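Asks: Could you have a look at this structure, given as structure tokens, before my questions?
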């Protein structure tokens, strides 16, 4: 990511005839918000000094002394927004308190990401973590849904309908390859480098775009930006996209697989030729920590009730707390196709895009750090490696699984959260507020009659 100075940003404003400054940040649950300010001489200097006030309680944040907070632009995130008619320079924001020191807000995910990288270096001796997300999503031609006191329904229409064999399907049967081409060009305008795109296994319009590696903070920013870009592009095309983990019955779910490795002195610190998957002891400890804390992690990596409709056996769902080089039912897979020592890595497969990406990635990193600190060996713990159909052998191997629903994930988080508190990265206030919001979601959904219940019980 470019390191912009205030002069460079002001030059952009002048040379590109920028008319608006846009400040973006997400609420606690991961939804994007923004505020726009008309440009005038000295606006950036004023924003850096004073920021823009907003009501943090409306963003789902736990109230501190009061709910008044401040957004200050992060100049390094400057980008011209291609989806605004007026020339607009967009920034992600730092969220600060209104105290005299303008202290960083402890529930701001971008602040947590920076603190987690510092802790990584302090406790493991490596310099940085590198993340490569895969974005899975469906494209529909028409979507309708509503929930009222006396009605509840959804209906989607899709331009594609395969009978199996949808993975990497070619045009003309792959209807949206041009859309993905255009999406990749838009992502590049936002500074996001795309590795490739293709049709996914879902037979009714599932797509995938995979991006290259970046550090924790920028990857989290990129996840938010990619969703923003794809939603906007779909709207321009009169299409509908969703990252919902399970938008359709008996169709493949949408994950957000996360590839991860760490570096020291610019070199991959996980690589060791000849070891299983070419992953060394440090990498195995990371894997051990992530799998041990997998149930608690799912409260952040899979934080919706819909998430667990995807995490069921079948559809290549990563439900088992195991690792291996070829088993897609395992929570962690070491890609066999990687031959470059610099990119030796593993892939955490359960996570999905309903997550707040900052909390998701930070929690995974903290679990890996805990694995290193406590030398959690995944082999000794019985997590693998497995390269067979573990779903058919679960009793024999005494394999453990991810939680079956969001309630169980929150219970696991209540029992196992010390690893998140290390370095005071996840505070009591943040954990309590997260659990509170998620229980509210569970209650709201749990008390709403489901259309399928009418089919099952109306005439019983």
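Asks: More than 30 Å from residue 304 (Cβ to Cβ) and either touching a strand residue (DSSP E or B) at 6+ places or on another chain (Cβ under 9 Å) or at pLDDT 95 or above (or both): is that true of residue 32 in this structure? Steps first, please.
Replies: Working: more than 30 Å from residue 304 (Cβ to Cβ): no; either touching a strand residue (DSSP E or B) at 6+ places or on another chain (Cβ under 9 Å) or at pLDDT 95 or above (or both): yes.
In short, no.
Asks: Here's something else I'd like to know. Any residue in the range 35-46 that is in a strand (DSSP E or B) and touching a residue at least 24 places away in the same chain (Cβ under 8 Å)? Please lay out each step first, then the result.
Replies: Taking the range 35-46 as the starting set, the residues that turn out to be in a strand (DSSP E or B) are 35-38.
Imposing the further condition that a residue be touching a residue at least 24 places away in the same chain (Cβ under 8 Å) reduces the set to 35-36.
Yes, the range 35-46 contains a residue that is in a strand (DSSP E or B) and touching a residue at least 24 places away in the same chain (Cβ under 8 Å).
Asks: Can you tell which of 118, 126 is assigned by TED's automatic domain parsing to the domain that holds residue 264, part of a loop (DSSP other than H, G, I, E, B) and either in contact (Cβ under 8 Å) with a residue 40 or more places away in the chain or more than 28 Å from residue 235 (Cα to Cα) (or both)?
Replies: Working: 118 fails: part of a loop (DSSP other than H, G, I, E, B).
When all the criteria are applied, what remains is 126.
Asks: Please report, ordered by residue number, the strands (runs of 3 or more DSSP E) entirely within the range 206-295 with at least 1 residues that are touching a helix residue (DSSP H, G or I) at 6+ places or on another chain (Cβ under 6 Å), closer than 27 Å to residue 34 by Cα and in the same structural domain as residue 153 (by TED's automatic domain parsing).
Replies: 240-242
Asks: Considering the range 191-205 alone, what residues qualify as being more than 18 Å from residue 90 (Cβ to Cβ) and touching a helix residue (DSSP H, G or I) at 6+ places or on another chain (Cβ under 6 Å)?
Replies: To start, the set of residues in the range 191-205 that are more than 18 Å from residue 90 (Cβ to Cβ) comprises 193-205.
Scanning the range 191-205 gives 194, 197.
Asks: Kindly evaluate residue 196 against the criterion of being within 30 Å of residue 265 (Cβ to Cβ), modelled with pLDDT of 95 or more and part of a strand (DSSP E or B).
Replies: Details: within 30 Å of residue 265 (Cβ to Cβ): yes; modelled with pLDDT of 95 or more: yes; part of a strand (DSSP E or B): yes.
Spelling it out, residue 196 is indeed within 30 Å of residue 265 (Cβ to Cβ), modelled with pLDDT of 95 or more and part of a strand (DSSP E or B).
Asks: While we're looking at this one, here's another question. If you scan the range 355-380, which residues turn out to be part of a loop (DSSP other than H, G, I, E, B) and out of contact with any strand residue (DSSP E or B) (no Cβ under 7 Å at 6 or more places or on another chain)?
Replies: Step one: of the range 355-380, the residues part of a loop (DSSP other than H, G, I, E, B) are 355-356, 374-380.
Passing the criteria: 355, 374, 375, 376, 377, 379, 380.
Asks: Moving on to the next point. I need the full set of residues from the range 58-78 which are at pLDDT below 80 and either exposed (fewer than 14 other Cβ atoms within 10 Å of the Cβ) or in contact with a helix residue (DSSP H, G or I) (Cβ under 7 Å, 6 or more places away or on another chain) (or both), in order please.
Replies: Filtering the range 58-78 down to residues at pLDDT below 80 leaves 62-67.
Once the filter is applied, which keeps residues that are at pLDDT below 80 and either exposed (fewer than 14 other Cβ atoms within 10 Å of the Cβ) or in contact with a helix residue (DSSP H, G or I) (Cβ under 7 Å, 6 or more places away or on another chain) (or both), the range 58-78 yields 62, 63, 65, 66, 67.
Asks: Evaluate the range 170-180: report whether one residue or more is surrounded by 13 or more Cβ atoms within 10 Å (Cβ to Cβ), outside the structural domain of residue 452 (by TED's automatic domain parsing), farther than 30 Å from residue 262 by Cβ and in contact with a strand residue (DSSP E or B) (Cβ under 7 Å, 6 or more places away or on another chain).
Replies: No.
Asks: A further question follows. In the range 95-125, what count of residues is obtained for those that are surrounded by fewer than 20 Cβ atoms within 10 Å (Cβ to Cβ), at pLDDT 95 or above and in contact with a helix residue (DSSP H, G or I) (Cβ under 7 Å, 6 or more places away or on another chain)?
Replies: Residues meeting the conditions: 5.
Asks: Being assigned to a loop (DSSP other than H, G, I, E, B) and over 18 Å from the mean Cα position of the chain (by Cα) is the filter; apply it to the range 103-115 and report the residue that is farthest from residue 368 (Cα to Cα).
Replies: Residues of the range 103-115 assigned to a loop (DSSP other than H, G, I, E, B): 103, 105-108.
Adding the requirement that they be over 18 Å from the mean Cα position of the chain (by Cα) leaves 103, 105-106.
Details: 103: 28, 105: 25, 106: 21 Å.
That would be 103.
Asks: Which of the residues belonging to the range 199-212 are surrounded by fewer than 20 Cβ atoms within 10 Å (Cβ to Cβ) and either modelled with pLDDT of 95 or more or over 30 Å from residue 163 (Cβ atoms) (or both)?
Replies: 210, 212 - these are the residues of the range 199-212 that are surrounded by fewer than 20 Cβ atoms within 10 Å (Cβ to Cβ) and either modelled with pLDDT of 95 or more or over 30 Å from residue 163 (Cβ atoms) (or both).
Asks: Still on this structure, please answer the following. Does residue 347 meet the test of being closer than 17 Å to residue 385 by Cα and surrounded by fewer than 24 Cβ atoms within 10 Å (Cβ to Cβ)? Step through it out loud before you land on a result.
Replies: Details: closer than 17 Å to residue 385 by Cα: yes; surrounded by fewer than 24 Cβ atoms within 10 Å (Cβ to Cβ): yes.
When the stated conditions are applied, residue 347 passes them.
Asks: Select from the range 398-423 the residues that are in a loop (DSSP other than H, G, I, E, B) and within 17 Å of residue 288 (Cα to Cα) and list them in ascending order. Quick ask: steps written out before the conclusion?
Replies: Taking the range 398-423 and keeping what is in a loop (DSSP other than H, G, I, E, B), we get 398-400, 402-405, 416-417.
Those that are in a loop (DSSP other than H, G, I, E, B) and within 17 Å of residue 288 (Cα to Cα): 398, 399, 400, 402, 416, 417.
Asks: Another question about this same structure. Check the range 444-456 and report whether any residue there is in a helix (DSSP H, G or I), assigned by TED's automatic domain parsing to the domain that holds residue 311 and under 30 Å from residue 221 (Cα atoms).
Replies: Yes, because at least one residue in the range 444-456 is in a helix (DSSP H, G or I), assigned by TED's automatic domain parsing to the domain that holds residue 311 and under 30 Å from residue 221 (Cα atoms).
Asks: If we scan the range 152-164, do we find a residue that is surrounded by fewer than 17 Cβ atoms within 10 Å (Cβ to Cβ) and either outside the structural domain of residue 207 (by TED's automatic domain parsing) or without any contact (Cβ under 8 Å) to a residue 12 or more places away in the chain (or both)? Full working, then the answer.
Replies: Of the range 152-164, the ones surrounded by fewer than 17 Cβ atoms within 10 Å (Cβ to Cβ) are 152-155, 157, 159, 161, 163-164.
With the extra rule that they be either outside the structural domain of residue 207 (by TED's automatic domain parsing) or without any contact (Cβ under 8 Å) to a residue 12 or more places away in the chain (or both), the set shrinks to 154.
Yes: one or more hits.
Asks: To continue, here is another question. Could you say whether any residue in the range 133-151 is touching a helix residue (DSSP H, G or I) at 6+ places or on another chain (Cβ under 8 Å), assigned to a helix (DSSP H, G or I), surrounded by 13 or more Cβ atoms within 10 Å (Cβ to Cβ) and on the phi < 0 side of the Ramachandran plot?
Replies: Taking the range 133-151 and keeping what is touching a helix residue (DSSP H, G or I) at 6+ places or on another chain (Cβ under 8 Å), we get 133, 135, 137, 139.
Checking which are assigned to a helix (DSSP H, G or I) leaves us with none.
Looking for residues that are touching a helix residue (DSSP H, G or I) at 6+ places or on another chain (Cβ under 8 Å), assigned to a helix (DSSP H, G or I), surrounded by 13 or more Cβ atoms within 10 Å (Cβ to Cβ) and on the phi < 0 side of the Ramachandran plot, one finds none in the range 133-151, hence no.
Asks: Of all residues in the range 1-28, how many are in a strand (DSSP E or B) and more than 24 Å from the chain's Cα centre (by Cα)? Give the derivation first.
Replies: Quick first cut of the range 1-28, residues in a strand (DSSP E or B) only: 20-26.
Remaining after also requiring more than 24 Å from the chain's Cα centre (by Cα): 20-21.
Result for the range 1-28: 2.
Asks: Now a separate question. Take residue 335 and tell me if it is buried (at least 21 other Cβ atoms within 10 Å of the Cβ), assigned to a loop (DSSP other than H, G, I, E, B) and modelled with pLDDT under 95. Full working, then the answer.
Replies: Values: buried (at least 21 other Cβ atoms within 10 Å of the Cβ): no; assigned to a loop (DSSP other than H, G, I, E, B): yes; modelled with pLDDT under 95: yes.
So residue 335 does not fit the description; no.
The values are calculated or read from the model by the stated rules, or taken from the named source; none is laboratory data. Just so it is clear, the model here is predicted, and its values are computed rather than measured. In this analysis, Cβ positions are derived from the backbone assuming ideal geometry, glycine residues included, and neighbour counts consider all displayed protein chains.
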